[in-house]
Amino acid sequence: MSTNITEVVLDHLEGLLPEPFELVDVEWSKMGADYVLSVLVDKPEGITLQDTADLSEIISPELDKISPDPFPSEYMLEVASPGAERPLKKAADFEKHIGAYVFVKLYQKVAGEKEFVGDLVAFDGETLTLNYLDKTRQKTVELELSNIAKARTQVKL
């Protein structure tokens, strides 16, 4: 499909969810023969099953308003919590998660690595500072937001 469905849906739904809900991410996937649009939402105290049902009633009619229609003829809408390993995409996500344990995958290597797992200790809007363990030594690395391919909070084992 020439249009990136996730971007179209994110742009359309941005700002449409009632307070205190937050639109975290949109994922488009194929499960067997079915297409699934997952809309990940959150609120400060967490999402309940009733919240997902209520939000589905708000989101579903909104998706019908998108023109031109980016979807194949049939798909399933799933409204869900981002879970314990929440995606970090926008600058505000990194700002909000200073102090969190995170996984970061880069477009280009920094300090010889493309992936880092560690504590997000600072973020200035463009650069995040991560403390991580390199074998047995604690190290610090600065990563440019523009070089981040994927990031999410990580469960610390």
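Read-outs: derived from the displayed coordinates by stated rules, not from any lab. Bear in mind that the values here come from a model prediction, so they are computed numbers and not experimental data. Positions of Cβ are backbone-derived with ideal geometry, glycine not excepted, and every protein chain shown enters the neighbour counts.
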Taking only the alpha-carbon atoms of the chain, what semi-axes of the equivalent ellipsoid follow from 5 times the gyration tensor eigenvalues under a square root, in whole Å, largest first? 32, 18, 14
Which cross-chain or sequence-distant (5 or more) residues have an amide H under 5 Å from the amide H of Leu88, H modelled 1.01 Å from N in plane? Ala151, Arg152, Thr153
Rank the residues Leu77, Leu40 as a footprinting-exposure proxy: fewest other Cβ atoms within 10 Å of their Cβ go first. Leu77, Leu40
Subtracting the Cα-Cα distance of Glu14 and Lys96 from 0.36 nm times their residue separation yields 27.7 nm
Residues whose modelled amide H sits under 5 Å from the amide H of Thr127, counting only those 5 or more places away in sequence or on another chain, are Leu145
With θ taken as phi - 60° and the coefficients 6.51, -1.76 and 1.60, list the Karplus ³J(HN,Hα) couplings across the range 32-46 in order, rounded to whole Hz; mark glycine and proline as x. x, 8, 9, 9, 10, 9, 9, 9, 8, 10, 8, 8, x, 8, x
Unit charges at the beta carbon, dipole of the chain: most positive-side option, Thr136, Leu157, Met31: Thr136
Folded to 0 to 90 degrees: helix 49-64 orientation relative to the chain principal axis, Cα: 70 degrees
Using a Förster distance of 25 Å, how high is the FRET efficiency between Asn4 and Glu144, based on the Cβ-Cβ distance and rounded to 0.05? 0.65
Would you mind computing Rg(Cα) / (2.2 N^0.38 Å) for the range 5-80, counting N as its residues? 1.06
Evaluate the relative contact order of the chain (contact order divided by residue number), counting alpha-carbon pairs under 8 angstrom at least 6 apart; express in whole percent. 19 percent
Percentage, to the nearest whole number, of Cα pairs in the range 65-157 over 20 Å apart: 42 percent
